[in-house]
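Input: a single structure, listed below in structure tokens.
The values are calculated or read from the model by the stated rules, or taken from the named source; none is laboratory data. What you see is a predicted model; the values in this text were computed from it and never measured. Don't worry about glycine lacking a Cβ; one is built from the backbone with ideal geometry, like all the others, and counts go over all protein chains shown. Just so you know, the surface numbers come from the protein's heavy atoms only, side chains and all, with ligands and any DNA or RNA stripped out. Shrake-Rupley method; radii C 1.70, N 1.55, O 1.52, S 1.80 Å.
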Amino acid sequence: MSAALPPLHSLDPIGPGHRVTLGETLPLKLDCGLDLGPYQIAYTTYGKLNADRSNAVLVCHALTGDQHVANVNPITGKPGWWTTMIGPGKVIDTDRFFVICSNVLGGCLGSSGPKEINPATAKPYGLQFPVITIRDMVNAQAMLLDHLGIQQLFCAIGGSMGGMQVLQWAASYPERVFAAIPIACAAKHSAQNIAFHEVGRQAIYADPQWHKGDYFEQNTIPRAGLAVARMAAHITYLSEAALHRKFGRNLQNRERITYGFETEFQVESYLLHQGSSFVERFDANSYLYITRAMDYFDLAGQAGGVLANVFQGTKTKFCVVSFTSDWLFPTTENKEIVRALNAAAANVSFVEIETDKGHDAFLLDEPVMFATLQGFIDGCAEQRGLAKGARS
Amino acid sequence: MNETRALVPTRHQDIRRDLLLIAEMVTPQSRLLDVGCGDGSLLEYLASEKQVDGRGIEIRQSGVNACVARGLSVIQGDADSDLPDYPDAAFDYVVLSLTLQATRNPRKVLHEMLRIGRRAIVSFPNFAYWRVRAQLLLGGRMPMTAALDDPWYETQNIHLCTIKDFDQLCARDGIAVEQRIAVDGHGKRLGGAPANWFGAQAVYLLHRR
């Protein structure tokens with residue numbers, strides 16, 4: 001069977017993972033109307049592609065994620081961001097599946113984005129980089145799969161913005177996705193979520209070090225603005241119960257309140273740390289572009305306002321997961337996806353996981369979620385003819 | 001809502017006797033929605049024995065997880081609120097086993113089932129079963145039987161009915177009864193008038209007239 005498939009490209013490793021130039025002959029047609037090409041996509045792979053190339057799993061990362069999903073992150077030195085889910089013997093078993101994760105278009109860890117050099121000016125793009133959408137990210141990933149010689153994914157999985165990409169994959173390339181697992185996401189970005197993003201963007205604009213996006217020219221970065229953006233966003237990833245459990249009203253390094261504006265409460269110290277560590281690993285302009293891409297996301301809008309139309313006739317098997325304490329992408333919004341899939345008579349499972357850990361629960365140790373997804377993946381693998389635990 | 005599914009399992013691993021009666025009514029290779037599918041034993045049985053393309057709705061998270069872990073397509077939801085999401089004639093069968101009496105609006109649920117499915121299969125405990133009558137008549141207490149095993153203050157059953165009641169509702173609402181199986185406490189099938197006296201529960205195959 002493999003004789004009929006196009007040849008596999010050699011993977012040129014650059015540190016952990018690879019980087020490929022795409023769109024040289026045919027550019028990427030962006031939603032904003034511009035053509036992008038050539039462009040770069042940085043990605044990592046784990047495991048081995050089997051002979052008929054049917055065991056590929058695409059992991060889509062969230063807003064501030066990257067391609068280092070299951071290896072030590074080269075920038076932070078910390079374990080990959082989804083080692084709870086992906087690795088040998090895990091739910092996404094790298095002994096069984098060929099796992100691909102790419103840095104999204106507009107990102108800042110090797111894929112083309114505002115931080116990369118604009119070949120036309122030999123300077124970082126900054127705000128000259130075209131505005132991108134979730135669909136653009138997915139189209140870029142599809143070109144990466146073409147490059148890798150993978151016609152159909154066994155599974156596309158992701159949480160939050162990663163879940164949006166999974167939905168877009170199922171909508172744009174239904175025949176290329178056997179199973180789809182959108183977690184803690186929505187078919188459109190809500191007004192409240194756009195509002196939170198705008199707070200973050202305004203914090204970046206307000207930082208004098210931002211220089212209208214040309215901060216690298218000035219040999220600086222808008223630390224304060226990006227840190228505030230992260231702090232505000234981080235609150236939305238947690239829940240009141242989780243914050244209370246972790247910090248309550250505990251004071252920071254003091255016995256009693258001091259009637260001043262130093263860091264008085266532990267929760268303040270925690271947020272400051274979240275903000276300051278974030279600016280070490282993330283680009284402020286990328287943050288602007290990617291939050292914008294999420295804001296623009298409205299899957300029903302791509303099909304005349306009726307979400308079910310997006311999935312009409314789909315053969316993809318879906319498993320939608322939400323979390324009880326997630327107020328960023330609450331169960332009601334996840335269920336809108338389920339409702340549309342039902343209306344399209346699609347094959348869909350849905351679970352709401354009980355947890356007080358908020359939106360970030362999808363990244364954490366949630367045994368019920370693992371058990372559910374393990375069952376879903378095993379069931380799909382059987383239907384796809386992938387033997388259990390088979391190594392290519 | 002599936003607390004009402006408490007009958008003793010018989011053969012076929014752990015599939016309940018009343019579910020086998022339902023399975024009997026289903027044509028092979030059809031599309032079926034099991035509303036209140038519990039741990040998915042009916043769906044799994046139908047998939048393996050009759051190659052049925054099944055979907056489920058279940059209210060309890062533990063039930064949904066059990067189903068999805070078995071490779072079944074099941075969503076968390078309930079009969080009262082989630083049926084309107086499905087398009088017309090999406091399934092060959094819509095099944096509701098021992099759950100109708102626990103819904104807020106059984107009549108509406110019944111019509112929703114017949115809108116979504118070309119046929120509906122409904123089972124319920126018969127409140128005119130002689131043991132039920134006897135307990136109320138002679139004991140003066142709310143009846144408790146194998147099929148009605150919770151005390152009045154804990155039961156989910158808010159819309160109990162008898163076989164006669166259900167026949168009447170079907171007649172009034174233009175619902176055709178294609179097949180009716182009533183069984184006594186030992187699983188013995190009963191026909192005709194004795195059904196409403198000696199039937200502990202009944203299974204109906206219905207379609208719209």
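Tell me which residues, restricted to segment A:175-207, are part of a helix (DSSP H, G or I) and among the β-branched types (Val, Ile, Thr). I'd like the intermediate steps shown before the answer.
Going through segment A:175-207, the residues part of a helix (DSSP H, G or I) turn out to be A:175-176, A:191-206.
Correct list: A:ILE194, A:VAL199, A:ILE204.
Go through the residues of segment A:232-249 one by one and say whether even a single one is touching a strand residue (DSSP E or B) at 6+ places or on another chain (Cβ under 7 Å), of a type in the set (D, E, K, R) and either assigned by TED's automatic domain parsing to the domain that holds A:GLU264 or closer than 22 Å to A:ALA62 by Cα (or both). Yes, because at least one residue in segment A:232-249 is touching a strand residue (DSSP E or B) at 6+ places or on another chain (Cβ under 7 Å), of a type in the set (D, E, K, R) and either assigned by TED's automatic domain parsing to the domain that holds A:GLU264 or closer than 22 Å to A:ALA62 by Cα (or both).
For segment A:267-299, a residue qualifies if it is closer than 21 Å to A:MET137 by Cα and of a type in the set (Phe, Trp, Tyr), and the qualifying residues are A:PHE282, A:TYR287, A:TYR289, A:TYR296, A:PHE297. Does at least one position in segment A:334-342 carry a residue that is farther than 22 Å from B:ASP78 by Cβ and without any contact (Cβ under 8 Å) to a residue 40 or more places away in the chain? No, that holds for no residue. Only one of these is of a type in the set (Gly, Ala, Ser), touching a His at 6+ places or on another chain (Cβ under 6 Å) and in contact (Cβ under 8 Å) with a residue 60 or more places away in the chain: A:GLY162, A:GLY149, A:GLY126. Name it. None of the others qualify; the one that does is A:GLY162.
Of everything listed in (1) free of Cβ contacts under 8 Å to residues at least 40 places away in the same chain; (2) in the same structural domain as A:ASN103 (by TED's automatic domain parsing); (3) in contact with a helix residue (DSSP H, G or I) (Cβ under 8 Å, 6 or more places away or on another chain), the single unmet condition for A:VAL310 is (1). Just give me the residues in segment A:218-261 being farther than 27 Å from A:GLN192 by Cα and either in contact (Cβ under 8 Å) with a residue 60 or more places away in the chain or in contact with a helix residue (DSSP H, G or I) (Cβ under 9 Å, 6 or more places away or on another chain) (or both), in sequence order. Once the filter is applied, which keeps residues that are farther than 27 Å from A:GLN192 by Cα and either in contact (Cβ under 8 Å) with a residue 60 or more places away in the chain or in contact with a helix residue (DSSP H, G or I) (Cβ under 9 Å, 6 or more places away or on another chain) (or both), segment A:218-261 yields A:GLN218, A:THR220, A:ILE221, A:ASN250, A:LEU251, A:GLN252, A:ASN253.
Is it true that some residue in segment A:220-227 is modelled with pLDDT of 95 or more, surrounded by fewer than 17 Cβ atoms within 10 Å (Cβ to Cβ) and of a type in the set (A, V, I, L, M)? No - not one qualifying residue is present in segment A:220-227.
Scanning segment A:326-375 for residues that are in a helix (DSSP H, G or I), over 20 Å from the mean Cα position of the chain (by Cα), of a type in the set (Val, Ile, Thr) and more than 8 Å from chain B (Cβ to nearest Cβ) returns a single hit, A:THR332. The lone criterion from (1) surrounded by 13 or more Cβ atoms within 10 Å (Cβ to Cβ); (2) among the hydrophobic types (A, V, I, L, M, F, W, C); (3) in a helix (DSSP H, G or I) left unmet by B:ILE181 is number (3). Selection within segment A:109-147: residues that are more than 18 Å from the chain's Cα centre (by Cα) and open to solvent by less than 10 Å² (accessible area, probe 1.4 Å). The member of this set that is nearest to A:ILE221 (Cα to Cα) is A:GLY126. The lone criterion from (1) open to solvent by 70 Å² or more (accessible area, probe 1.4 Å); (2) among the aromatic types (Phe, Trp, Tyr); (3) closer than 30 Å to A:LEU49 by Cβ left unmet by A:PHE261 is number (3).
Considering segment B:52-101, the residues that are of a type in the set (A, V, I, L, M, F, W, C) and at the interface with another protein chain (Cβ under 8 Å from one of its Cβ atoms) include one that is nearest to B:ARG16 (Cα to Cα), namely B:CYS67. If you check B:ASP78 against the conditions, is it within 18 Å of the chain's Cα centre (by Cα) and at pLDDT below 90? Yes, satisfied.
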